[in-house]
Structure formats: C-alpha cells, structure tokens
1. Quick query: amide H of Leu96 versus all other amide H atoms, modeled in the peptide plane; which residues come in under 5 Å with a sequence gap of 5 or more or a different chain?
2. Met30: accessible area at probe 1.4 Å, nearest 10 Å²?
3. To the nearest 10 square angstrom, what accessible area does Asp94 show with a 1.4 Å probe?
4. If the convex hull of the alpha-carbon atoms of the range 43-110 is projected onto planes in all directions, what is the mean projected area in square nanometres?
5. Please identify every one of the trypsin sites (Lys or Arg not before Pro) in the range 24-93 that sits in a loop by DSSP and has no more than 11 other beta carbons within 10 Å of its own beta carbon.
6. Treat every Asp and Glu Cβ in the chain as -1 and every Lys and Arg Cβ as +1, leave all other atoms uncharged, and give the resulting dipole magnitude about the Cα centre to the nearest 20 debye.
7. Can you give me the accessible area per residue for the chain, using a 1.4 Å probe, in Å²?
8. Please compute the length gained on full extension between Trp36 and Lys79, using 0.36 nm multiplied by the number of residues separating them and subtracting their Cα-Cα distance.
Amino acid sequence: MLEGNFVALKSALLIQHTQQFMNNKLSYAMLCDYIWEILQDWQRLNIVDNRISSQKEMVFWFLVFELQFQDETSLLHDKDLNFKLHHCILFLQDELEMPKGCIGVRPNYA
C-alpha cells in the first residue's frame, strides 16, 4: 500500500474514532488501541523514507501524535487543543485550509 493510500484509508477511521471519543461514545482505551493499530500497520509497510508526501499526511501524523501524547483529560477538556484537533479533522475532510502549527512527521522504525 502506498503512503498516500495509507493516509487516506486511515484518516477516515481516525476521524471517526476521534469524533466518537470527543462525543463520549468511544472510550479513551479504544482510541489508544486504534492509534497503536495505525502505528503497527505503518510499521508493517516498512517505509524508511521520512519525507512527508503531502500536507494531509503531515496533519494526519500530527493528529496521531497528539492523540497518543495527550492524556484523556486534556483531549476532552483543553479548549485550545480541542480547537486544533477539530481544525485538523476538518482539513483532512477537505473542509478547511491547512491548520497552522499542525506539523507531523512520519514515525521512523529503521
């Protein structure tokens, strides 16, 4: 699977899981499990090129990192973080321009 296809496929589910979590319809544990699944699937692709292929990929990896790094309370209650995550989601859905400061990098397993 090419990097672009990976990001497109995983973005839809990442958005769905994130929105369900933010609306208290998905547990934090389930969200974390999905993030780990994304990272494991990426590792299986064995891509060693660290160059981001698109702005969407950059925002995708930013969102993955923030969801993995932030704790449950911050994800649910930090208004600035919520705004930024929501903007990332809207960008991935082609509804807004690329958000400022949402620069993610590919995980490197090499």
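The values are calculated or read from the model by the stated rules, or taken from the named source; none is laboratory data. Computed from a prediction, not measured in an experiment: that's the story for all the values here. Backbone-built Cβ (ideal geometry, glycine too); neighbour counts: all protein chains shown. Calculation scope for accessible area: heavy atoms of the full protein, side chains included, ligands and nucleic acids excluded. Shrake-Rupley method; radii C 1.70, N 1.55, O 1.52, S 1.80 Å.
1. Sorted by chain and number, the residues that satisfy this are Phe91.
2. Answer for Met30: close to 100 Å² accessible.
3. Roll a 1.4 Å probe over it and Asp94 shows about 120 Å².
4. Taking a quarter of the hull surface, the average projection is 5.1 nm².
5. Lys25, Arg51
6. The dipole of the chain has a size of about 120 debye.
7. 61
8. 13.0 nm
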